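Any read-out appearing in this document is the output of simple, stated calculations on the displayed coordinates, not a laboratory observation. The shown structure was predicted, so the numbers you read here are calculated from the model rather than taken from an experiment. Heads up, the Cβs are rebuilt from the backbone with ideal geometry, glycines too, and the neighbour counts pull from every protein chain shown.
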Amino acid sequence: MAEHHGERLLVVDDNQDNLDMLARRLRRRGYEVTTADSGAEALAAVARVRFDAVVLDINMPVMSGLDVLRELRRHYSKLELPVLMATARSESDDMVEALSLGANDYVTKPLNFAEVVARLATHLGLRREFTAMRGEVASKVRSTDAMVAGTLVDRRYEIECQIGHGGFAVVYRARQLSTGQAVALKVLRARRAMRAGTDGIEYTRFRREMQVIGAVKHPAIVRLIDSGSLELEGGWSTFEDETPEGSTQTNAVTEDSSSDHVPTPMPPAIARVPYFVMECLEGETLAQLLERDQKLSLADTLELFFPIIGGVHALHRRGIVHRDIKPSNVFLHEGDQRRRQPKVLDFGIAKLKSEDTEEQMTVGFVGTPSYMSPEQALGERDIDARCDQYALAVMLYECLAGQRPFTADNYTQVLLLVTAGDFTPLAQLCDEPKLSEIITKAMQRERARRYEDLQEFGRALLEVAPESVRARWGSTLDE
């Protein structure tokens with residue numbers, strides 16, 4: 001019997017009989033096994049538990065094994081989390097695509113259990129070696145683990161404190177030495193840079209966000225000030241509470257793979273770490289406001305939404321689709337003006353018009369389920385600006401009703417509700433029948449039945465806005 005080191009496995013298959021049988025046999029070999037019968041359940045499990053390997057069925061409804069693989073490869077390399085694909089077809093286009101997306105290996109159905117165990121043992125062994133070697137590198141570069149207060153970046157910025165972090169990057173409050181102004185400095189985690197290299201998904205997302213905020217000048221889009229890169233040996237620290245960023249934003253991996261299963265090369269000990277500098281925002285996100293106040297008045301809601309609509313429309317005019325608009329990506333900046341200034345954030349999965357064909361990174365399950373348009377939930381490739389209109393309408397609904405239009409116990413159920421397009425009309429939750437019609441139109445299941453663009457959506461909202469709001473924002477819709 002092969003040595004298994006007590007590894008923890010995730011087995012994913014929508015066929016309950018196959019799932020139970022494989023899990024039972026793997027447990028007899030001493031593995032700790034968790035099962036999932038859908039793609040969404042699998043991703044939720046990975047967000048909760050650190051697994052050593054995944055056995056993943058390709059053909060599943062709603063969210064296929066390929067979609068799950070794309071999401072896993074956003075957060076884990078082939079050596080960090082080996083994925084063994086299972087398919088009923090030994091020579092299929094799906095299998096070729098799975099290997100190109102970063103699958104470590106595959107087995108064909110009906111499964112030969114001895115073959116499954118042997119292939120798992122091979123990749124788990126490689127993972128153990130990788131983990132040990134990475135630990136040795138990390139022990140040598142511990143002195144570069146953190147940017148503490150007083151650290152100088154490119155002799156231009158002085159770090160004051162950390163103000164946020166996610167799976168990909170860390171954000172610091174810093175002081176620009178030439179002007180003395182406070183700025184936000186966002187740095188890609190060196191651990192990620194070391195692992196993925198400059199062609200990896202982390203660099204792609206990071207560059208994309210910088211490119212978008214640099215291209216669009218609008219009061220509702222966070223402003224880019226500067227950018228650069230640092231060369232570090234090893235990189236900065238992770239955090240004890242760190243989890244993979246964005247549990248539902250799924251992009252495809254760009255990591256190469258081939259049929260002879262060549263292992264991913266070890267990352268270099270030297271990382272070129274990019275950073276960019278933005279205006280420093282003070283305040284809270286719309287998500288934090290809603291968590292505290294539950295819902296907003298019509299006037300307060302539209303005071304926030306008209307500038308947001310203007311900012312997102314400015315993106316659309318530049319050929320950019322955000323694809324992940326949600327309350328946590330809208331920051332309410334308490335600047336010099338008396339009113340809070342909404343700022344749209346997080347452009348890491350934005351789609352650029354310059355991408356004539358979809359990159360692997362942007363194919364499949366992209367977004368956050370509760371705010372995702374039906375076409376996103378179905379994994380369609382030709383996503384356009386109307387998905388942002390849909391998400392804005394969902395946020396508008398939530399602000400006024402105090403609840404989201406689609407709520408369920410798990411991601412799979414939310415996705416099913418979204419794709420069905422059935423939700424309680426706003427008019428049944430608050431006395432706004434005309435506004436309810438506007439939101440329902442913007443949230444039509446078929447995108448062709450929504451408003452033509454955000455200008456048309458905004459003009460419709462203007463008709464139901466209080467006079468004071470209409471006077472302030474009416475002219476901005478024509479800009």
*Using a cut-off of 30 Å between alpha-carbon atoms, which lysines can reach Lys109, once sequence neighbours fewer than 8 places away in the same chain are excluded?*
Lys78
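Regarding region 8-140, what is the average projected area of its C-alpha convex hull, in nm²?
8.0
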_Separation of the Glu115 and Ser468 label points, Cα + 7 Å toward Cβ, nm_ = 7.1
*Neighbouring Cβ atoms within 10 Å as the yardstick, rank Glu398, Glu71, Glu334 fewest first.*
Glu334, Glu398, Glu71
_Using alpha carbons only, how many angstrom separate the centre of region 58-110 from the centre of region 35-52?_
14
